[in-house]
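K.L.:
Next up is a structure, given as structure tokens.
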Amino acid sequence: MTLQAGSRLGAYEILAPLGAGGMGEVYRAKDARLGRDVAIKVLPSATAADPDRRARFEQEARSASALNHPNILTIYDIGEYGGTIYIAMELVEGRTLRELLASGEPLPTRKLLDVGVQTADGLAKAHASGIVHRDLKPENLMISRDGFVKILDFGLAKLTEPVSQAASVLPTAVAAPTQPGTVMGTAGYMSPEQASGHPVDFRSDQFTLGAILYEMAAGQKAFQRKTGAETLVAIIREEPQPLSQLAPKAPAPVRWIVERCLAKDPEERYASTKDLARDLRSLRDHLTETSVSGALQAAEPVKAPRRGWVVPAIAAILIGAAAGALIHARLGRKPAPAPKFQQLTFQRGQILSARFAPDGQTIVYSGAWEGRPPEIFTARSDGPESRALGLPGATVLSVSSAGEIAVSLNRHFVVGYEATGTLARVPLAGGAPREILDSAQAADWSPDGKNLAVCRVVGNKSRLEYPIGKVIYETAGWLDQVRMSPDGKLLAFVDSPQRGNNNGHVKIVDTEGKLRLDGPFSSGASPLAWSPRGDEVWFGGINALALDGKVRPVWISPNAAVFDRSRDGRALVNEAVARREIVGFPRTGPPRNLTALNWSFPTAISADAETVLFYEQIVEPPGVYVRKFDGSPAVRLGDGEGYGFSPDGKWVVTVRIPERHAIVLVPIGAGEPKTIEMGNLTCQWAAWFPDDRRILVNGNEPGHGSRLYVQDIAGGKPRPISPEGVTVVGGNGISPDGRSIVGRGPDGRMTIYPAEPGAAEARPVPGLNPDELPIRWTADGRSIYVTHLSALPGIITVVDVATGGRKEWKRFEPPDPSGVEQAGPAVIAPDGSAYVYSYRRTLGDLFLATGLK
């Protein structure tokens, strides 16, 4: 039966056909009750009378409705109207995997792994509920426009175990067992046991997923013969052509996973689909660009039993170490023994910090797992288990020689990477923390365990204090990662010139504040760790900084950082992969992932709400990009950081980095950039005034705190318009009429400043929480949009600047919260019709390294 547009099925108005298959016809429809578009699948009238077809059709709804997972299509309703049986389900805008594979070309490795991870996650949920899909294929995997995978069509699903009624949306019934010898599924994607008509379980879906992964990697099917019967015989008896021949650039771990899934004997596949999903996810999240391009292809899998996935980045490093040993051997020198890495953490999430306890065998670390708040755990070097200390929301800062932990409570982001919390001390053996200092950013115990060195912001300066209360260093930027030398005479820290930016110089001072070393530039908030002898400071990469300023590489790994060194030289190494993504919500149409590379930081939306401005931070050199909401390719405009569009939409204002002493106006179309030198002023942020003739600069001069300046586009010296200690945090702080600017004052309160000194009195914004950040003014100039960088879900609130009245505007949250430490910033179009949000995800594992020198 073909339904016409405008016809109805109960509460659903048919809009247009979407497709048809063996299990039914699918239509786009409108749910009149909830006002949303849905997909309606109806059982063809010619087969509606067939009890078996009808039972299987209803079984699809009951099987899928029992599952609640972001990678499984949501079933809303099942019903019958006028003799027509239908299922109402989630409408996914996008393309099937079959459409993505139609060109016959392999998918990029990262895309393959992303599809594989999401599919395995969805299957793992179904398998845990006792449901086997039995008809997985590229046609049944829908990729939404923003990259989310949805598993469709549980029409052949078979319940192998009863499903709890409490977990079901609709009643769930156990299907009648399939008769022995019955072959159900799609030729080319069946498992050997399924093709033979034997009973199947969750491992059959693993085989099918392996065949799909093979096709994504090779660009052709694993089992493809002239007839369906010949294809079934090949599945049962033959092996596919090796991926190493068809896809030589595919990383070796991809081939290993595919080969394991395609094992003829189900016992040789994964013991659980959750394990398969974990291996795919670990490979996706840890694989470096080098290994993606095929650097691991010569390696062979280790057959020995293992616990969890061997991190590919570490494997790549060990391959490099082996190559180095070979070179030493050829030069006639005895190679140094390769370092050993013992994995200490096994959950999905982020390692925030780690320290050795005084006994040298106990490790104290902070981890945020599976999207939960951070906790402090202890682990032993002689075992893989970790124990929580019962301090939810706490982060370890330092462990004293007396066995006392300095912790940060209620730690939250102020701006960018700059985080603060309440400094407290708690016994390693457990107990209630004793609070000692508010608004501390970093801390480290003295060797005797009696005093603490701390970094904190007071007024308009960031301070290093030792002991607490004695200022020995301060800056207008941001200080972090303080560590005291083993002899207690020196303090190393990172001095970042821009508030919230985690790039800065490693510096060393003595306890009286005398600068002993103005060291190298360190990227990415790298933790610092002194060598046991106190003659070097190790920082990200991994590199060793000697006290004379010389730097030597210790271990070449862009994703590695050392949290701590023990007295015998062992190291706590964090191997982490970080990524920042942008999700865009256009004026019309569904949301879309607008990420260009791997660290896309949005800053503005054009006046016509069509284009997003962002910059890529973790590339060389960092670059400014624009990209339209329709998902067309991003366009690189130039180097540096980009902050805002000109009112006419023809230019963007950018800043050269790392020096930040010049503004560069870059044309979006044809034309030459215009450079405006600002002398010794360091620019931290900039935006265009509505009059198109001036630029607001947030910056500081040497020896002075941050303040607001006006820079004429025609040139000249920038003019200060605010007191010191004022920063613009968040998005565009200029009001639509150009007369007012919202920023954080020296007292930490959000305050409205006049754009012309003396034009009006500065006034605090009522109704704001201390850690909320303004995004921009509303189009009428009466309110501001604000958000909170640390909250999940992210919430955008509109606050009336006169009354402090508040109203929630939007909520946003990444579908997978694991490793997401910050949902923000959010950027809103000038007229409020479109917005984007960004989030950063860091996934890491903690290792105990022996032999690093």
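The values are calculated or read from the model by the stated rules, or taken from the named source; none is laboratory data. Quantities reported herein were computed from a predicted structural model and do not represent experimental measurements. Reconstructed Cβ throughout: ideal geometry from the backbone, glycine too, with neighbour counts over all protein chains shown. Surface accessibility is based on the protein's heavy atoms, side chains included, excluding ligands, DNA and RNA. Shrake-Rupley method; radii C 1.70, N 1.55, O 1.52, S 1.80 Å.
K.L.:
Please list 27-39, 200-212, 608-620 highest first by mean number of surrounding beta-carbon atoms within 10 Å per residue.
P.N.:
200-212, 608-620, 27-39
K.L.:
Considering only Gly832, Gly104, Leu572, whose Cα is most displaced toward the positive end of the charge dipole of the chain, charges sitting on Cβ of Lys, Arg (+1) and Asp, Glu (-1)?
P.N.:
It is Leu572.
K.L.:
For Leu34 and Ala762, compute 0.36 nm times the residue count separating them, minus their Cα-Cα distance, and round to one decimal in nm.
P.N.:
257.4 nm
K.L.:
How many percent of the accessible area of the chain is carbon or sulfur, using a 1.4 Å probe?
P.N.:
Carbon and sulfur: 52 percent of the exposed surface of the chain.
K.L.:
Using a cut-off of 13 Å between beta-carbons, work out the net charge of the residues near Val765 (Lys and Arg +1, Asp and Glu -1, Val765 not included).
P.N.:
Within the 13 Å Cβ shell, the charges total +2.
K.L.:
Let me ask something additional. Can you list the aspartates and glutamates whose alpha carbon sits under 15 Å from that of Lys221, skipping same-chain ones fewer than 8 residues off?
P.N.:
Straight-line reach from Lys221, under 15 Å: Glu99, Glu105, Glu139, Glu230, Glu238, Glu239, Glu259.
K.L.:
Still on this structure: Ratio of Rg to Rh for the chain, alpha carbon only, Kirkwood?
P.N.:
Ratio of gyration radius to Kirkwood radius: 0.99.
K.L.:
Over the alpha-carbon set of region 740-853, divide Rg by the Kirkwood Rh and report the Rg/Rh ratio to two decimals.
P.N.:
Over the Cα atoms of region 740-853, Rg/Rh equals 1.14.
K.L.:
Just to verify a number: FRET efficiency for Asp535 and Glu239, C-beta to C-beta distance, R0 = 56 Å, to 0.05?
P.N.:
Values: r = 57 Å, r/R0 = 1.02.
For R0 = 56 Å, the calculated efficiency reads 0.50.
K.L.:
Let me check I've understood the local charge: for Leu423, count other residues with C-beta under 13 angstrom from its C-beta, Lys and Arg +1, Asp and Glu -1. What total comes out?
P.N.:
Here the count lands on -1.
K.L.:
Next question, about the same structure. On a full-extension model of 0.36 nm per residue, what is the gain between Ala546 and Asp648, subtracting their alpha-carbon distance, rounded to one decimal in nm?
P.N.:
Length gained between Ala546 and Asp648: 31.6 nm.
K.L.:
Here's another thing I want to ask about it. Given labels modelled 7 Å from the Cα in the Cβ direction, how far is it in nm from Gln4 to Lys717?
P.N.:
Inter-label distance under the simple model: 8.0 nm.
K.L.:
Check cross-link reach from Lys125 to the lysines: straight Cα distance under 22 Å, and skip same-chain residues fewer than eight apart.
P.N.:
Lys111, Lys137, Lys150, Lys158, Lys274
K.L.:
If you don't mind, there's one more thing I want to ask. At 7 Å along Cα-to-Cβ for each site, give me the label-to-label distance between Asp448 and Lys807 in nm.
P.N.:
6.2 nm
K.L.:
Percent antiparallel among DSSP beta bridges with both residues in region 458-612, to the nearest 5?
P.N.:
So the antiparallel bridges amount to about 95 percent of the total.
K.L.:
Need one number: the % of Cα-Cα pairs in region 348-486 sitting beyond the 22 Å mark.
P.N.:
36 percent
K.L.:
With unit charges on the beta carbons (Lys and Arg positive, Asp and Glu negative) and the dipole taken about the Cα centre of the chain, which residue among Trp777, Gln206, Ala29 sits farthest to the positive side?
P.N.:
Checking the options against the dipole of the chain, the answer is Gln206.
K.L.:
Still on this structure: What distance in nm separates the two pseudo spin-label positions at Ser381 and Lys274, each 7 Å out from Cα along the beta-carbon direction?
P.N.:
About 3.2 nm separates the two model spin labels.
K.L.:
I would also like to ask the following. Quick one: net charge of Tyr839's neighbours, Cβ under 11 Å, K/R +1, D/E -1?
P.N.:
0
K.L.:
Tell me the per residue accessible area of the chain using a 1.4 Å probe; a whole number in Å² is fine.
P.N.:
41 Å²
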